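Written out below as structure tokens is the structure these notes cover.
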Amino acid sequence: MAEPLRVVVTGAAGQIAYSLLFSVAKGDVFGKDQPLELLLLDITPMMEVLNGVVMELMDCAIPLVKNLVATDDPNVAFKDVDAAFMVGAMPRKEGMERKDLLKANVKIFKAQGQAMEKLAKKSVKVVVVGNPANTNACILSKYAPSIPKENFSCMTRLDQNRAQAQIAAKLNVSTEKVSNIIIWGNHSSTQFPDVAHAKAEVQGKVVTVPEAVQDDNFLKNEFIKTVQQRGAAVIKARKLSSAMSAAKAACDHMRDWFIGTKGGNWVSMGVISDGSYGIKEGLMYSFPVTIENKKITIVQGLSINEFAREKMDATAKELEQELSDALAECVD
Ligand code: NAI
């Protein structure tokens with residue numbers, strides 16, 4: 001059997017982690033033959049709750065789990081890690097200004113970046129889920145400069161999965177018949193879910209999604225709005241934010257990173273921009289990517305029409321502002 005992979009989950013006592021840990025532990029991400037050491041990080045007041053999560057994970061009696069460590073110390077949690085799910089973040093509390101939220105998260109991701117810099121493997125693959133995910137991921141990378149920038153990402157897979165499910169429902173086909181939807185930009189309500197290059201298999205024939213749906217008005221309005229506001233709709237109904245679907249998306253994201261994308265299909269991930277599609281270098285922006293041997297490549301050469309350009313630029317603008325506000329909070 002292979003050596004155990006060391007996998008850290010932050011925010012491990014929270015609701016996303018509750019679903020995520022079970023999926024990771026049973027091999028949904030790194031494979032059914034890959035033993036794991038799970039490192040669970042949360043803050044000191046959550047240690048009792050976290051202990052309950054550890055008890056439950058033990059009680060699952062999953063043979064792949066070789067070691068379980070619960071801690072409130074980033075210096076323990078990030079030691080020699082191969083993969084990091086950064087779920088923990090400061091939630092927005094009543095009366096909290098956006099600026100205060102950014103400030104609190106800069107503090108968290110700075111400290112965790114510094115711990116990663118000292119302790120994580122240089123090959124560690126990192127997905128940031130905790131919001132504001134794109135900007136948190138930038139801050140994390142900034143404070144772990146010896147780890148390659150390409151090893152940091154943020155999650156927009158939930159948005160991709162939501163978009164895919166909406167199109168599948170519209171066409172009355174199973175979700176796996178819909179592929180190559182792109183989420184551009186920020187994991188926020190300015191994101192641009194783009195179906196112009198997406199494909200759907202309908203009655204045995206593969207066509208583009210716009211050809212299959214034949215309703216431009218729906219695709220340009222209702223569809224985009226539904227995906228952009230899906231998180232808020234779930235909160236309204238459940239009184240809690242998306243957790244099961246967020247955990248599934250985090251698993252999809254990391255599994256594709258470790259195992260690779262297939263058959264000319266791409267997936268969307270927030271990665272550090274290299275200037276592709278005119279997006280400012282250094283922004284953590286969601287692009288379509290393919291992955292081979294754990295290397296992420298931004299898909300090149302897709303045609304961008306005026307409608308798309310405008311939406312891609314609007315979400316980039318929001319990210320630029322967010323990052324510049326966050327950087328202003330970084331007092332080195
Ligand atoms: P939750 O509130 O249930 O859990 C968050 C956990 O993080 C708590 O246990 C908290 O104590 C912990 N935490 C806070 N500061 C920490 C720190 N410095 N170190 C370690 N742990 C810390 O929240 P939930 O529902 O699990 O969501 C987690 C995050 O994921 C939120 O920021 C949420 O907005 C975000 N999210 C992102 C999505 C995406 O698509 N990118 C989708 C859904 C949620």
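Computed values, structure above
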{"read-out": "Region 227-264, residues that are surrounded by fewer than 12 Cβ atoms within 10 Å (Cβ to Cβ), under 24 Å from T190 (Cβ atoms) and basic (K, R)", "value": "K236, R238"}
{"read-out": "Boolean, Q160 is more than 13 Å from the ligand (Cβ to nearest atom), in a helix (DSSP H, G or I) and crowded, with 21+ Cβ neighbours inside 10 Å", "value": "no"}
{"read-out": "Among the residues listed as K311, K294, the single one being more than 30 Å from K32 (Cβ to Cβ) and surrounded by 12 or more Cβ atoms within 10 Å (Cβ to Cβ)", "value": "K311"}
{"read-out": "Any hit, region 203-224, residues being outside the structural domain of E150 (by TED's automatic domain parsing), crowded, with 19+ Cβ neighbours inside 10 Å and either within 16 Å of the ligand (Cβ to nearest atom) or within 25 Å of V126 (Cα to Cα) (or both)", "value": "no"}
{"read-out": "Residue among M116, M96 that is surrounded by fewer than 22 Cβ atoms within 10 Å (Cβ to Cβ) and either among the small types (G, A, S) or more than 10 Å from the ligand (Cβ to nearest atom) (or both)", "value": "M96"}
{"read-out": "Unmet requirement for M90, which otherwise passes all of (1) modelled with pLDDT of 95 or more; (2) within 8 Å of the ligand (Cβ to nearest atom); (3) in contact with a helix residue (DSSP H, G or I) (Cβ under 8 Å, 6 or more places away or on another chain)", "value": "(1)"}
{"read-out": "Lone unmet requirement of (1) near the ligand (Cβ under 10 Å from one of its atoms); (2) surrounded by fewer than 23 Cβ atoms within 10 Å (Cβ to Cβ); (3) within 21 Å of the chain's Cα centre (by Cα) for D72", "value": "(3)"}
{"read-out": "Region 5-27 - residue that is more than 16 Å from the ligand (Cβ to nearest atom) and crowded, with 17+ Cβ neighbours inside 10 Å and, of those, nearest to D256 (Cα to Cα)", "value": "G27"}
{"read-out": "Only listed residue being out of contact with any Phe, Trp or Tyr (no Cβ under 8 Å at 6 or more places or on another chain) and farther than 29 Å from L319 by Cα, chosen from I62, I108", "value": "I62"}
{"read-out": "Total residues in region 166-199, condition more than 14 Å from the ligand (Cβ to nearest atom) and outside any loop (DSSP other than H, G, I, E, B)", "value": "16"}
{"read-out": "Meets criteria (in contact (Cβ under 8 Å) with a residue 12 or more places away in the chain, among the hydrophobic types (A, V, I, L, M, F, W, C) and either within 16 Å of the ligand (Cβ to nearest atom) or out of contact with any Lys or Arg (no Cβ under 9 Å at 6 or more places or on another chain) (or both)) for L39", "value": "yes"}
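The values are calculated or read from the model by the stated rules, or taken from the named source; none is laboratory data. Quick caveat: nothing in here was measured; it's all calculated off a predicted structure. FYI the Cβ positions are ideal-geometry reconstructions off the backbone, even for glycines, and counts take in every protein chain you see.
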